[in-house]
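Inspection log for the structure reproduced underneath, given as structure tokens.
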Amino acid sequence: MKKNAKKASDTFDWSRADAMTDEEIHAAALSDPDAQPLTEEQLAEMKPFSPAKRVRMRLHLTQEEFAKRYGIPLSTLRDWEQYRTEPDQAAQSYIVAIEAFPDAIAEALSKHRQLEPA
């Protein structure tokens with residue numbers, strides 16, 4: 001996005017929405033054919049984000065950045081995120097640790113990599 005470009009939220013006239021009741025807002029949303037709410041069946045079929053993807057997104061990292069930073073093969077991370085495979089117990093614990101201490105783990109791995117012979 002250009003530096004001077006305005007976001008939609010900057011130009012939206014909130015006074016119209018603020019004047020509407022919850023019922024009117026709901027009716028307006030239902031009248032938009034491009035933004036229909038999901039049915040109960042559709043919701044039941046949806047999968048939540050994988051724990052690895054949830055942590056990666058909270059850290060605002062791409063798959064490539066997350067994989068490199070935490071020493072996880074990119075293909076493995078993609079498989080976890082797309083539910084093709086599940087992380088084993090050790091990997092699940094590693095993901096929990098990354099979520100709790102992302103900077104400390106990245107720093108420890110960085111120091112370890114510097115000590116490895118070339």
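Counting Lys and Arg as +1 and Asp and Glu as -1, what is the net charge of the other residues whose Cβ lies under 13 Å from the Cβ of Ile25?
With Lys, Arg at +1 and Asp, Glu at -1, the neighbours total -4.
Would you please put 98-109, 69-80, 32-43 in order of how densely packed they are, using the mean number of other Cβ atoms within 10 angstrom per residue and starting with the highest? Numbers along the way, then the final one.
Numbers: 98-109: 14.1, 69-80: 16.0, 32-43: 8.2.
The most tightly packed comes first, giving 69-80, 98-109, 32-43.
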inquiry  = Give me the extension gain from His26 to Gln42: residue separation times 0.36 nm, minus the current Cα-Cα distance, reported in nm with one decimal.
reply    = 3.8 nm
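Given the alpha-carbon gyration tensor of the chain, what are the semi-axes of its equivalent ellipsoid in whole angstrom, ordered largest first, with each equal to the square root of 5 times an eigenvalue?
Values: eigenvalues 331, 93, 31 Å².
Over the Cα atoms of the chain, the ellipsoid semi-axes are 41, 22, 12 Å.
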Aspartates and glutamates with Cα under 13 Å of Lys111, excluding same-chain neighbours fewer than 8 positions away = Asp103
task = Any chance you could run the full-extension gain for Phe49 through Arg113? It's 0.36 nm times the residue separation minus the Cα-Cα distance, nm to one decimal.
result = 20.0 nm
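Any chance you could run the full-extension gain for Ala97 through Leu59? It's 0.36 nm times the residue separation minus the Cα-Cα distance, nm to one decimal. Don't jump to the answer; show the numbers that get you there.
Details: separation 38, 0.36 × 38 = 13.68 nm, distance 1.32 nm.
Difference between extended and current length: 12.4 nm.
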key: ³J(HN,Hα), Karplus 6.51/-1.76/1.60, whole Hz, each residue of the range 63-79, x for Gly, Pro   = 4, 4, 5, 5, 4, 5, 4, 10, x, 10, x, 4, 5, 5, 4, 4, 4
key: Contact order normalised by residue count of the range 51-115, Cα under 8 Å, 6+ apart, percent   = 33 percent
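Only the coordinates and a few stated rules stand behind these numbers; no lab work does. The shown structure was predicted, so the numbers you read here are calculated from the model rather than taken from an experiment. Here the Cβ is made from the backbone with ideal geometry for all residues, glycine too, and neighbour counts use every protein chain on show.
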